[in-house]
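Take a look at the structure set out below.
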Amino acid sequence: MIQIAEQRLARSALRRLRKPTAAGKGRLLYLVGPAGSGKSALLAESFRELPSSQVPPLQVTAAEFAAQLAEASSNQQLPVFQERFRSVSVLVCEDVQALERRPETLRQLLTVIDELLAHGSDVLVTSTKLPGQFESFPAKLVSRFRGGTVIGIKPPGPDSRAELLRLFCRQRRLSISRDALALLAESLEASPRELIGVITQLAERRRPLKRADIEDFLQRELPNKSITPLKVSRAVAKDFGIALSALRSRRRSQALVLPRQCAMWLCRKLCHLSYPELGAFFDRQHSSVIHAVRKLETRIENEPALRQRIARLESDCR
């Protein structure tokens, strides 16, 4: 993988984490960056470089940690769960922002982190939020995060985007002229994950691409920056005759289910947001957003009236 400038500090910190400390004290590394900025890819690359003799880390998403805790609790296997997470040399917990408003899960995570650090094990946490941005997290857990090494990963700039685009083009055997690639790099303020998606789209054309092809692509395919999740949500709320605050609230009344699904589906299509980004906007776990979007897609296929309503809303938003 190309080592872009925006990830240099994070790479350096991960390399240091692979080296044992003389004092035998555990370390905590907190990587923060927007969804798709390359946090998971960096971790995967770092772990591939571990010596075969070294025990691999225990790697889970925060949602998986919560699900395994709930299962262990319901099966009265909590001691087994606790032992599994407290007996590793390195614990990786990704997307910790998914644990907001889960007090018991956060309490268990804090206990695990404290025991690991006290016994010389390392903890690596990733998130889309800085530690101080968690209003519902226990103060002690926020303090642990702040007490570790906190490193931000910014989205790639134009030069880094050009490097990544060249790599992705080579991987997909896409022939593209130099000025066309430069135009893409300058125009696409996107994460590495989003850049891969763009190159995948362009590779489907199965022919060499010139600047005129990219100009046409940028005009037709990229989202309109004036279409925001707020704009879409307002249009949906007005169409269904409900308050915008209710649409974005955590209320689960039946009258809000369909409007909320429509808003999520339209935001996904028109604003090109990731599921975690949609979850943050609608105050939901990203798994809930995935379920809502897929459920609406099924209904759109089978209900002509709903299909027409969605088409009209999409036209209004544009």
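General remarks:
- Filtered by the rule that a residue be buried (at least 16 other Cβ atoms within 10 Å of the Cβ) and either outside any helix (DSSP H, G or I) or not assigned by TED's automatic domain parsing to the domain that holds residue 197 (or both), the stretch 162-175 gives a lone residue, 174.
- Residue check for residue 217: crowded, with 19+ Cβ neighbours inside 10 Å, in a helix (DSSP H, G or I) and either assigned by TED's automatic domain parsing to the domain that holds residue 192 or of a type in the set (Ser, Thr, Tyr) (or both): yes
- Positions within the stretch 186-215 being in contact (Cβ under 8 Å) with a residue 60 or more places away in the chain and touching a Leu at 6+ places or on another chain (Cβ under 8 Å), in sequence order: 192, 194
- Some residue of the stretch 119-134 being in the same structural domain as residue 69 (by TED's automatic domain parsing), under 21 Å from residue 68 (Cα atoms) and part of a helix (DSSP H, G or I): no
- Scanning the stretch 259-292 for residues being surrounded by fewer than 20 Cβ atoms within 10 Å (Cβ to Cβ) and touching a Lys or Arg at 6+ places or on another chain (Cβ under 7 Å) gives a total of 1.
- Residue check, residue 45 in contact with a strand residue (DSSP E or B) (Cβ under 8 Å, 6 or more places away or on another chain), free of Cβ contacts under 8 Å to residues at least 60 places away in the same chain and either closer than 30 Å to residue 159 by Cβ or basic (Lys, Arg) (or both): no
- Here the condition is being of a type in the set (Lys, Arg), free of Cβ contacts under 8 Å to residues at least 60 places away in the same chain and farther than 30 Å from residue 196 by Cα; of 144, 107, it holds for 107 alone.
- All positions within the stretch 73-92 that are in contact (Cβ under 8 Å) with a residue 12 or more places away in the chain and either more than 18 Å from residue 119 (Cα to Cα) or assigned to a helix (DSSP H, G or I) (or both): 81, 82, 84, 85, 86
Condition check ((1) modelled with pLDDT of 95 or more; (2) more than 29 Å from residue 36 (Cβ to Cβ); (3) under 19 Å from the mean Cα position of the chain (by Cα)) across all residues:
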position	(1), (2), (3)
99	no, no, yes
104	no, yes, no
110	yes, no, no
115	no, yes, no
118	no, yes, no
130	no, no, yes
135	no, no, no
141	yes, no, no
144	yes, no, no
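- Output for the stretch 135-150, where each listed residue is part of a strand (DSSP E or B) and either touching a Cys at 6+ places or on another chain (Cβ under 7 Å) or surrounded by fewer than 18 Cβ atoms within 10 Å (Cβ to Cβ) (or both): 149
- Residue match in the stretch 31-51 (condition: buried (at least 18 other Cβ atoms within 10 Å of the Cβ), of a type in the set (D, E, K, R) and modelled with pLDDT of 80 or more): yes
- Counting only helices (runs of 4 or more DSSP H) wholly contained in the stretch 270-318, the ones carrying 2 or more residues that are farther than 24 Å from residue 241 by Cβ and not assigned by TED's automatic domain parsing to the domain that holds residue 62 occupy 275-282, 286-302.
- Of the listed requirements (1) more than 30 Å from residue 166 (Cβ to Cβ); (2) in contact with a Leu (Cβ under 6 Å, 6 or more places away or on another chain), residue 32 misses just one: (1).
The values are calculated or read from the model by the stated rules, or taken from the named source; none is laboratory data. Note that the structure is a prediction, hence the values are computed from the model and not measured. So basically every Cβ, Gly included, is an ideal-geometry build from the backbone, and we count neighbours across all protein chains shown.
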